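The values are calculated or read from the model by the stated rules, or taken from the named source; none is laboratory data. Every value quoted in this text rests on a predicted model; they were computed, and no experiment measured them. Heads up, the Cβs are rebuilt from the backbone with ideal geometry, glycines too, and the neighbour counts pull from every protein chain shown.
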Amino acid sequence: MFIQNPFNFHDLFGLRLRSADEPEVSMRTLTHHGKIEFSRRKLSASSTIIPIFHSMSREQLFNRHDGETTEKDKVHGVSETLPNTEEDLANWTADVEGVMLVKLNALVANPVRIVGKRVKALNALIRFFNILINCHRYIDDLVAENERLRNQNADPKPRPEATVQDVAIPSINQVEGPSTLQGTLLEERPWFFDMNVLHTPVLIGEASDAAFATRFRQAISEPGHSHIPRVNYAPDETLLTLSDEDCPWPIPSRARLLVNVALKYVSRSYYIVRKSQILEGLEQTILNPHSTDSLLKSKLWVLFAIGEMYSTRTAAKDKNFPGMAYFARATRILRIISERPRIDAIEVRLLLSFYSLALNRRYTAYALAGSSVRLSVVMGLNLNVPESQLRDAGAREHRNRVWWTAYSFDRMWASRLGHPVAIREDEIEVDLPSDPALATSSDDFADSSYFIASIRLASLAAKVINSIYTRRPQQKTLSQRVQEALKDLRAFVEELPAHLHIEPTDAPEPSPKPLSLHLYFNQVAITATRPILLHVLRTHVAAWDTQPRTEPQIPVSAMTLSEACVRCARHSCRLLIECWIDGSFATFDYFYTQYLFAAATVLAISSLIDGKESRSDKEQFESAAQFLAQLKENGNFAAEEFCRHIDAMKVCMATRRGQFAPDAVMQQFEGIDVGGFSNPTAGMALSEPSLQELLSQPVLDLQFIDASMYHDGAQGLYWPDISPESWTTNGWTPGG
């Protein structure tokens, strides 16, 4: 038997070594006829390889161990005279290949001799090839390093901001010229954060609120500030310990109270369980606990956790977070993933995901939401089930709504973290929620228009992340992508049913559903526009640092977009302060806490840029900071994390304010009426005439923004060496 097809001799020994222009090849199939052939390759930089041969002893090179020269030890047909020139090396290599051909074909023809006298000869050749491979790897590394240094010297360091000559100030009535900003908005390298955990750097999503707060501090600080790690959450060890302990079932009256509270707060914004089935299952479990299956009990456990969380105003310092023991008990169901999942398993995961946010375990919530989508796909919830196979209209609507809640959770959590979603839009064929006509009266299915609006908003949030916060090259410029995002949001407002609008009057108070919807709308709009606001700030900082101080030159389009961001932040902050006043701001509600922090960060930036509303923005920022501090004192995990960012922002802002006179800067904002609405709505933030005119233009002028969103705040400069002394590993210290 002979080896017929040619192959690279490195593959013969299971090794890989390729030149830049040589494609990777795999071991060819052995055939019954033919001979061994080798694909020759050029040797580069032989002057580097030859000295390595001479540095080795003959025993090392020819596999001699006893110092004696015998006929068996010689590599027949290969000169033992070491090569001194590139030509000698090429001839020596050719001799080796020729001997290799003869010997391997002989070995294939006579397998018995493999164990015999040719083993040492093959070992010598293998040793030679290993030496050659290591030499080439060393050379390739040198070439790559040389190329990198050459490119680095050739490319000038990018300027921190564009100058006046880069772009003229266009009129809002003019169609602005095409922008050269194209490609990615973020750096090519992802932003990893070193937490001093072996081989476990933490990925920081640029779209997250904490990342934006860090970028804000870096923009106004010299030297740049480090990212503040998230360490305020319920630790894994605590949850594992609680999950192994016995958790007592609450007394019947307490169980009913907790379930009703949970259903009130969860069903207010999301659809996860059928209320009638849960209440019926609770009564059956109270009467006969042993008759209830594990999935129903798990749902009840996590509902107990949610109910206790929302019915508690403050967390005791000597006790666990409200509902955490119930939550840990419910997680036991996750130890086994059902091969034939039921819709109950999806409901449990959605409830666990919802509660995980209160523990500030955002990655856990994201993973559970993605798992819910996966299980839903396994069950076919993303497809319409034929009516002939499921005639119960209530059951069909329940399937649809559970699917869309899993879809919304996945996209909402992903957009908050800047991570990918679990399923593409083109893989979804199921109908949107509806208002089915049921045979028996039931309040299981609330108004479908609200849930449809929430679904659309979750989809827009994911679209914003994929469009604006991406490292993939884009065909459209940043300005076009931001413009499209705002157009989509504006269309969403125009199509919103009348009963879901918040009236711009002070009475009556808005219902919880429209309130949550408008707060989420503002959050999406802020996420889409705050990169522009940050660059406006950076342009001002560059102007502040020049002597004599100059007025920054910023396109009106960028000013208008950044002002839309500030308007949405003001609206969110006003709504949340009103919730705090009327008592509807739940102490441990993650969503309201996050919206408050996101709005506060934007208002902090606006207060630095001295416009007509800068003083009011500063006061609202301080009010939001006080509310977050109070939530932290009450044991809110997320507020404790966000307060660390707020405190760091205050220090940077105080330092920056001491470096310039507020009345001398930011005259451009005075040309835009930012106080036209005393009680604006989310829609009004995008209805301002200058913004409407801006959105109607085909192309915006944002050339002053570099293609890399944070080019002079390169993430590599902000990978701080976090030491154990700078942060605590204990995730939760109420009141601390």
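Points to keep in mind about this one:
- Some residue of region 352-368 being free of Cβ contacts under 8 Å to residues at least 24 places away in the same chain and surrounded by fewer than 24 Cβ atoms within 10 Å (Cβ to Cβ): yes
- Filter pass, Asp426 being out of contact with any Gly (no Cβ under 9 Å at 6 or more places or on another chain), free of Cβ contacts under 8 Å to residues at least 24 places away in the same chain and part of a helix (DSSP H, G or I): yes
- Selection within region 234-265 - surrounded by fewer than 21 Cβ atoms within 10 Å (Cβ to Cβ), within 30 Å of Pro514 (Cα to Cα) and touching a helix residue (DSSP H, G or I) at 6+ places or on another chain (Cβ under 6 Å): Val261, Leu263, Tyr265
Results for (1) of a type in the set (A, V, I, L, M, F, W, C); (2) surrounded by 19 or more Cβ atoms within 10 Å (Cβ to Cβ); (3) in contact (Cβ under 8 Å) with a residue 60 or more places away in the chain, shown as yes or no for each residue.
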site: Ala462; (1), (2), (3): yes, yes, no
site: Arg471; (1), (2), (3): no, no, yes
site: Thr477; (1), (2), (3): no, yes, yes
site: Arg490; (1), (2), (3): no, no, yes
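- Residues satisfying the stated conditions in region 379-396, i.e. part of a helix (DSSP H, G or I) and surrounded by 15 or more Cβ atoms within 10 Å (Cβ to Cβ): Met379, Ala393, Gly394, Arg396
- Ser276 vs. criteria under 24 Å from Pro436 (Cα atoms), among the hydroxyl-bearing types (Ser, Thr, Tyr) and touching a residue at least 12 places away in the same chain (Cβ under 8 Å): yes
- Residue list for region 461-479, restricted to those being assigned to a helix (DSSP H, G or I) and either under 18 Å from Val536 (Cβ atoms) or among the hydroxyl-bearing types (Ser, Thr, Tyr) (or both): Ser467, Ile468, Leu478, Ser479
- Residue count for region 271-314 under the criterion of being surrounded by fewer than 17 Cβ atoms within 10 Å (Cβ to Cβ), in a helix (DSSP H, G or I) and acidic (Asp, Glu): the result is 2.
- Test: residue in region 416-426 that is at pLDDT below 90 and exposed (fewer than 14 other Cβ atoms within 10 Å of the Cβ): no
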